[in-house]
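Peer 1: Please find one structure pasted underneath; my questions will follow.
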Amino acid sequence: MANRPKRSGLCLLAGFTLAVLLQCEIQSASAHETDVRAGSERFTSQRRDVHKRTANANALVSTESPLESKPAPQSKRKPGSGSAKGPYYVDFRARTAASWGHAFVWFGKTSERAVEVAGLTPAGDTLPYVLGHLTWVPSETGASYGDLDPQYLTASYRVYLDEPDAKRVFAYIKKLQASSPVWNAETSNCTSFIGSIADFMGLKVPLRWKRPEDYVNSLKAINDGRQIVHLSSAQ
């Protein structure tokens, strides 16, 4: 009977030890589960962050990709369906003036703003113009007042040439300027001057006895608005 209290004490001690060990195991398991859960959440968060960064990077690349990376649309134009304009031109023009008006030409290169002007006018003011209806008077063949001002323009007919033809036509214009020392209202006037240029280029030419505006419009009409000019070898 004396050993019973001792045995009971040992049982209580063993039970207490077991309870302590079980509590430690439970806390350890709980802590492990918490660590695993936290690690899993961190991993999930990292994966979300990686996906988000990847999506942002793809969006950035998509918006900043150069236009050259896109395939160029194929032209629907058929081969040989016309020819390009330029790079040189002659523009037959008419403008208002104190009397009948004036006809002249612009000529130059399409890629340049500077133009050259050629036309035939009496040198001086009113008196040479009046005398020019009776006889020949000294002339000028460059730009005159109003030739460069668009507000005075009444008619225009522009035709385009390639470089070899333009060199020949421009040389002819300069030669015509140098060989036209006089002006006369009936014979050597502004419409006959630009008509000589049109004829050299192979265009059909109307009668010279027209008002400058009507002359330029007629020049365009009888050539059906033709825009491209190619000189023949004989020109």
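The values are calculated or read from the model by the stated rules, or taken from the named source; none is laboratory data. Keep in mind the model is a prediction, meaning the values are calculated, not measured. Cβ atoms come from the backbone with ideal geometry, glycine included; neighbour counts cover every protein chain shown. Please note that ligands, DNA and RNA were not included when accessible areas were found on the heavy atoms of the full protein model with its side chains. Shrake-Rupley method; radii C 1.70, N 1.55, O 1.52, S 1.80 Å.
Peer 1: Quick one: in segment 170-208, which of the residues that are touching a Ser or Thr at 6+ places or on another chain (Cβ under 8 Å) and within 14 Å of H102 (Cα to Cα) is most open to solvent (accessible area, probe 1.4 Å)?
Peer 2: Across segment 170-208, the extreme among qualifying residues is R208.
Peer 1: Filtering segment 117-169 down to residues that are more than 21 Å from N217 (Cβ to Cβ) and of a type in the set (G, A, S), which residue is surrounded by the fewest Cβ atoms within 10 Å (Cβ to Cβ)?
Peer 2: G142
Peer 1: Quick check on this structure: which one of A185, A114, A155 is of a type outside the set (K, R) and in contact with a helix residue (DSSP H, G or I) (Cβ under 6 Å, 6 or more places away or on another chain)?
Peer 2: A155
Peer 1: Working only within segment 102-138, note down all residues that are out of contact with any Phe, Trp or Tyr (no Cβ under 6 Å at 6 or more places or on another chain), part of a loop (DSSP other than H, G, I, E, B) and under 20 Å from W209 (Cα atoms).
Peer 2: Selection gives H133, L134, T135, W136.
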